[in-house]
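Colleague: Handing you this structure, nothing more for now.
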Amino acid sequence: MLTRPVRAIAFIALILAPALALRAAQGGAAQVPSASDAPKYALPPQAIVEVFDAEFLPQTTLSPNKQVVALTKARAHPTIAELAQPMLRLAGWRVNPKTSGPHRASGLPGTGIYSITLKTIADGAEVNVTMPAQARVSHMKFSPDGSRLAFLNTTDAGIELWAADGLTGSARAVIAGSSRINATTGDPCDWLSDNVTMVCRLVPVRGPIPRAPVEPLGPNVRESYGKASPAPTYEDLLNSTFDDALFEYYFTSQLVAFNTRTGEGNMIGRPAVFNSVTASPGGGFVLVSKIKKPFSHILPMNGFPQDVEIWTRAGGLVKKIADLPSREGTTLTGVEPGPRAYRWRADQPATILWVEALDGGDLKKTVPFRDKVVSLAAPFSGQPAEIATTEWRYESIAYTDSGIALLSENDRASRRTRTWILEPGAAPRKVWDRKQDAAYDNPGTPVMRRNAGGAAGAGGRGGGGASPILQNGDYIYVAGEGASAEGDRPFLDRLNVKTLKSERIFRSSAESLESFVAPLNDEMTKFLTRYETQKEAPNYFARDAGANAKRAVTQFKDPQPQVRDLLRQYVTYKRKDGVTLSGTLYLPPGYKQGTKVPVIMWAYPREFGDADSASQVSGSPNSFTEIRGASHLFLLLSGYAIFDNPTMPIIGPGETANDTYVEQLVASAQAAIDKVVEMGVADRDRIGIGGHSYGGFMTANLLAHSRLFRAGFAESGAYNRSLTPWGFQAERRSFWEAPEIYTKMSPFWFAHQIKDPILLMHGEVDDNTGTFPIQSERLYAALKGHGATVRYVTLPHEAHGYAARETLLHVIAERLNWFDKYVKNAGPRSTTDAQQ
């Protein structure tokens with residue numbers, strides 16, 4: 001969300017690129033196949049393809065020793081052939097059975113890496129890390145002292161572990177050949193504190209792959225006998241005993257401790273299905289959670305029964321922390337009643353923490369305290385010691401270097417969060433108490449020491465690890481986005497843990513967007529920032545505290561100079577009920593002031609507890625624009641204006657926001673249209689609306705309950721809320737508690753009222769909770785039955801977020817074709833339509 005009062009910023013225009021503007025204007029409508037044509041992927045105009053294919057900026061990772069940054073280059077998008085690789089959908093995970101790893105090995109953040117460069121911060125010297133042939137690298141992480149660098153490499157036959165010298169870049173395979181990493185549940189390896197050893201999950205010796213019976217052995221049966229077990233509509237669940245067998249076969253791993261210098265390995269314990277595996281900070285113990293039967297068929301893996309245990313480095317059982325039942329039966333707003341959020345205390349060599357609910361996990365119960373936090377130190381033979389109790393629901397706990405804890409709790413009913421300082425022998429002291437939704441009140445996040453090698457595991461019910469909070473004397477450091485009425489101005493503060501008074505060390509200027517990244521020394525006299533402006537690509541700089549000067553660490557160039565010619569303005573305006581709204585208006589290259597052009601609004605509603613929080617501005621007018629993936633901003637290169645993320649707040653205390661969802665949504669859309677018309681950019685006859693997921697849901701609702709837009713483009717939405725009866729988005733009332741709300745918010749129930757053209761698009765293997773492809777399929781059938789103008793496009797092998805290069809370019813072509821036909825080149829509305 002990028003917003004700013006219109007009076008504070010004028011249009012910003014660079015030297016125009018006539019060639020691009022001419023090509024964009026001459027590009028014409030993209031040619032997409034009709035329903036009667038043979039399936040084929042379409043392309044948008046060549047000018048758009050060239051911008052789409054621009055190389056991404058390198059990703060940057062700071063070494064824990066603060067001397068080196070790793071610069072990684074990755075393939076931006078997988079091919080559709082890669083997405084068509086075999087896929088098993090088991091217990092909430094999607095895995096490639098040939099590799100025992102994630103189905104997608106590229107196209108996600110931190111995956112598909114083909115180049116790693118180590119750059120010394122002090123002098124800028126660079127060395128290239130030795131890479132495997134045809135590298136498909138992921139999960140890169142430094143050892144705790146930064147002396148070594150590990151990463152995974154995916155081949156056609158499996159996943160390898162490689163390790164490199166943190167200074168020379170020389171690398172070799174540690175695990176390859178017949179030994180293979182098992183990455184079915186995410187990051188499979190974790191550095192130990194000796195900076196040499198990694199604990200990894202390996203594919204164990206396996207028997208034959210389970211085979212589905214040629215003929216059914218009998219019906220599949222599910223049962224329930226009186227225990228209430230509400231659950232969201234998850235995708236990719238286990239559905240049969242055959243699925244259970246596949247899950248156990250592919251997800252079972254053997255833990256092994258590997259010496260990354262010699263390649264020697266020592267097995268740890270027996271094979272199991274591990275939900276999480278985390279080594280203690282001192283390296284002497286391993287915290288594991290093991291999945292066990294019976295496997296749930298209504299929850300993903302992190303809701304299965306588990307044993308939580310502490311092992312020695314050799315795999316011997318030291319302490320069983322918990323025997324957790326299935327999470328089935330947990331209330332919609334509740335937590336499981338047993339131990340949860342178990343983790344190592346980062347400032348101690350071997351002390352375990354966890355949380356237990358004091359209200360049975362049920363927010364509806366009235367109790368003086370919701371949760372308690374307990375700890376148990378090695379040798380783990382005593383009773384757990386109570387650290388604190390919380391009146392609200394536990395949120396997080398983190399310790400500083402010197403053993404001071406920051407404990408946060410939140411209250412769903414009031415939408416508030418507060419943080420306490422805990423010191424041994426002293427009463428808790430409140431540091432912050434604020435509204436969760438109020439961006440202006442956000443004090444930031446404590447700065448961590450960043451000396452951990454990273455935690456392996458699926459997360460979920462616990463098992464995470466973290467670095468301690470950096471503390472110098474009586475001071476810790478807090479960094480934040482710095483939201484304000486003038487836009488984000490990121491900051492770094494120094495907070496005195498005795499007096500609770502803070503001092504500002506750094507704040508971004510009003511003319512740039514510069515964010516604190518990490519300390520470059522323990523004294524915080526030097527630190528790393530990320531700096532960008534509308535004209536300057538993001539780069540990293542070394543700063544001295546208290547000085548204005550900064551020294552460039554990277555020199556990345558603008559990857560898309562063509563889009564620097566876009567005009568951008570940040571506007572605020574009022575809804576009829578007085579709520580302040582905001583959005584970012586982009587104008588196409590070559591735009592002439594006062595000219596009316598077709599406008600597409602692309603939005604995503606969000607719930608707020610109060611109007612003040614909903615009216616607050618976030619984002620920066622100084623951010624650097626890149627157009628990536630299937631972004632709607634590509635329409636700018638074909639002569640459209642884009643009103644990007646015009647805020648659509650749905651406001652109400654407690655659980656009541658959605659009671660007036662439709663009314664608030666239409667009022668926000670009306671205010672946005674009034675604003676762009678008032679500015680002279682658009683006329684009311686040439687405005688379209690679009691969105692993805694909850695934004696697609698919004699699009700269908702706006703067309704069902706208004707005639708404000710000429711056409712809509714709805715991607716991967718859920719349109720019949722009776723198919724998500726146990727809640728959706730921020731709604732936690734069930735269908736049976738609020739049937740009228742579910743009905744009123746479902747555009748499927750009002751399909752007969754959709755009179756303007758709508759394009760429905762959906763990934764054929766959507767993996768998002770609630771947005772099953774049948775949602776779009778059924779809405780299309782309803783619209784077709786009522787004679788609406790509708791196009792329904794399904795994307796083979798695509799999930800909720802579209803990924804393949806062929807798919808993304810086709811999505812851009814579909815948008816361009818649809819809006820050209822029904823918005824840009826649409827004639828005036830009929831008198832009746834205009835009145836409606």
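The values are calculated or read from the model by the stated rules, or taken from the named source; none is laboratory data. Computed from a predicted model, the values in this text were never measured in an experiment. Here Cβ is always computed from backbone atoms with ideal geometry, including for glycine, and neighbour counts include all displayed protein chains. Heavy atoms of the whole protein, side chains included, go into the accessibility calculation; ligands, DNA and RNA do not. Shrake-Rupley method; radii C 1.70, N 1.55, O 1.52, S 1.80 Å.
Colleague: What about Q348, is it more than 30 Å from Q616 (Cα to Cα) and surrounded by fewer than 18 Cβ atoms within 10 Å (Cβ to Cβ)?
Modeller: Taking the combined requirement at face value, the residue does not satisfy it.
Colleague: Can you tell which of P653, P649 is touching a residue at least 24 places away in the same chain (Cβ under 8 Å), under 30 Å from K435 (Cβ atoms) and under 25 Å from the mean Cα position of the chain (by Cα)?
Modeller: Answer to the check: P649.
Colleague: Search segment 699-728 for residues being over 14 Å from Q775 (Cβ atoms) and within 24 Å of the chain's Cα centre (by Cα), and hand back the single one that is surrounded by the most Cβ atoms within 10 Å (Cβ to Cβ).
Modeller: F713
Colleague: Another question about this same structure. Tell me whether segment 294-310 contains one or more residues that are without any contact (Cβ under 8 Å) to a residue 40 or more places away in the chain, closer than 21 Å to W726 by Cα, surrounded by fewer than 21 Cβ atoms within 10 Å (Cβ to Cβ) and not polar (S, T, N, Q).
Modeller: no
Colleague: A further question on this structure: Select from segment 740-798 the residues that are among the acidic types (D, E), farther than 30 Å from W93 by Cβ and not in a loop (DSSP other than H, G, I, E, B) and list them in ascending order.
Modeller: E740
Colleague: Name the residue that is farthest from I651 (Cα to Cα), counting only residues in segment 436-449 that are in a strand (DSSP E or B) and open to solvent by 50 Å² or more (accessible area, probe 1.4 Å).
Modeller: Checking each candidate, the answer is M448.
Colleague: Out of segment 582-635, which residues are in contact with a strand residue (DSSP E or B) (Cβ under 8 Å, 6 or more places away or on another chain) and among the aromatic types (F, W, Y)?
Modeller: Listed by number, the residues that qualify are Y586, Y591, W602, Y604, F608, F624.
Colleague: Across segment 792-809, what is the total count of residues that are more than 23 Å from P86 (Cα to Cα) and crowded, with 20+ Cβ neighbours inside 10 Å?
Modeller: 1
Colleague: Could I ask something else about it? Here is a check on your reading of the model: is Q664 surrounded by fewer than 18 Cβ atoms within 10 Å (Cβ to Cβ), part of a helix (DSSP H, G or I) and not basic (K, R)?
Modeller: Against the criterion (surrounded by fewer than 18 Cβ atoms within 10 Å (Cβ to Cβ), part of a helix (DSSP H, G or I) and not basic (K, R)), Q664 does not qualify.
Yes/no matrix, rows are residues, columns are (1) without any contact (Cβ under 8 Å) to a residue 40 or more places away in the chain; (2) surrounded by 23 or more Cβ atoms within 10 Å (Cβ to Cβ):
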site	(1), (2)
D612	no, no
G619	no, no
L635	no, yes
Q670	no, no
V677	yes, no
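Colleague: Still on this structure, I have one more. Please pick out the residue among G283, G226, G263 that is within 23 Å of G177 (Cα to Cα) and out of contact with any Gly (no Cβ under 8 Å at 6 or more places or on another chain). Walk me through it before giving the result.
Modeller: Values: G283 fails: within 23 Å of G177 (Cα to Cα); G226 fails: within 23 Å of G177 (Cα to Cα).
Of the residues listed, the single one that is within 23 Å of G177 (Cα to Cα) and out of contact with any Gly (no Cβ under 8 Å at 6 or more places or on another chain) is G263.
Colleague: Also, quick follow-up: Please determine, by comparing only the residues of segment 498-537 that are among the acidic types (D, E) and not in a strand (DSSP E or B), which one is most open to solvent (accessible area, probe 1.4 Å).
Modeller: E511
Colleague: Go through segment 418-435 and give me each residue that's among the β-branched types (V, I, T) and either without any contact (Cβ under 8 Å) to a residue 60 or more places away in the chain or open to solvent by 20 Å² or more (accessible area, probe 1.4 Å) (or both).
Modeller: Scanning segment 418-435 gives T419, V431.
Colleague: What pairs come up if the first residue lies in segment 271-292 and is of a type in the set (D, E, K, R), the second is open to solvent by 20 Å² or more (accessible area, probe 1.4 Å), and their beta carbons are under 7 Å apart, counting only those six or more places apart or on different chains?
Modeller: Close Cβ pairs satisfying both conditions: K290/D307; K292/D307.
Colleague: Only one residue in A452, A458, A479 is crowded, with 21+ Cβ neighbours inside 10 Å and either at pLDDT 95 or above or touching a Leu at 6+ places or on another chain (Cβ under 8 Å) (or both), so which one is that?
Modeller: A479
Colleague: So, one more: When the residues of segment 373-417 are filtered to those that are among the charged types (D, E, K, R) and closer than 18 Å to G444 by Cα, which remaining residue is least open to solvent (accessible area, probe 1.4 Å)?
Modeller: By that ranking, first place goes to E409.
Colleague: Within segment 52-60, identify whether any single residue is closer than 19 Å to Y802 by Cα, among the hydrophobic types (A, V, I, L, M, F, W, C), open to solvent by 30 Å² or more (accessible area, probe 1.4 Å) and without any contact (Cβ under 8 Å) to a residue 24 or more places away in the chain, and answer yes or no.
Modeller: no
Colleague: Still on this model: Out of V374, V431, V367, I need the residue that is under 23 Å from P653 (Cβ atoms), among the aliphatic types (A, V, I, L, M), at pLDDT 95 or above and more than 27 Å from the chain's Cα centre (by Cα). Which one? Please lay out each step first, then the result.
Modeller: Working: V374 fails: under 23 Å from P653 (Cβ atoms); V431 fails: under 23 Å from P653 (Cβ atoms).
The match here is V367.
Colleague: Moving on to the next point. Which one is nearest to the chain's Cα centre (by Cα) among residues in segment 166-181 that are part of a strand (DSSP E or B) and at pLDDT 95 or above? I'd like the intermediate steps shown before the answer.
Modeller: So in segment 166-181, the residues part of a strand (DSSP E or B) come out as 171-175, 181.
Adding the requirement that they be at pLDDT 95 or above leaves 171-174, 181.
On the way: A171: 31, R172: 32, A173: 31, V174: 31, I181: 25 Å.
Among those residues, the one meeting the criterion is I181.
Colleague: Can you give me the number of residues within segment 247-283 that are in a helix (DSSP H, G or I) and buried (at least 21 other Cβ atoms within 10 Å of the Cβ)?
Modeller: 3
Colleague: Let me ask something else. Determine whether segment 407-416 contains at least one residue that is touching a strand residue (DSSP E or B) at 6+ places or on another chain (Cβ under 8 Å), in a loop (DSSP other than H, G, I, E, B) and within 27 Å of D307 (Cβ to Cβ).
Modeller: No, segment 407-416 contains no residue that is touching a strand residue (DSSP E or B) at 6+ places or on another chain (Cβ under 8 Å), in a loop (DSSP other than H, G, I, E, B) and within 27 Å of D307 (Cβ to Cβ).
Colleague: Follow-up. If I ask for residues that are hydroxyl-bearing (S, T, Y) and farther than 27 Å from A257 by Cα, which ones from segment 118-154 would you list?
Modeller: Selection gives T120 alone.
Colleague: How many of the residues in segment 538-566 are touching a residue at least 40 places away in the same chain (Cβ under 8 Å), assigned to a strand (DSSP E or B) and buried (at least 20 other Cβ atoms within 10 Å of the Cβ)?
Modeller: Number satisfying all stated conditions: 1.
Colleague: Which residue, of R568, R564, R507, is closer than 30 Å to G473 by Cα, of a type in the set (K, R) and out of contact with any Cys (no Cβ under 8 Å at 6 or more places or on another chain)?
Modeller: Exactly one of R568, R564, R507 is closer than 30 Å to G473 by Cα, of a type in the set (K, R) and out of contact with any Cys (no Cβ under 8 Å at 6 or more places or on another chain), namely R507.
Colleague: Within the group V571, V579, which residue is open to solvent by less than 20 Å² (accessible area, probe 1.4 Å), in contact with a strand residue (DSSP E or B) (Cβ under 9 Å, 6 or more places away or on another chain) and farther than 30 Å from D820 by Cβ?
Modeller: V579
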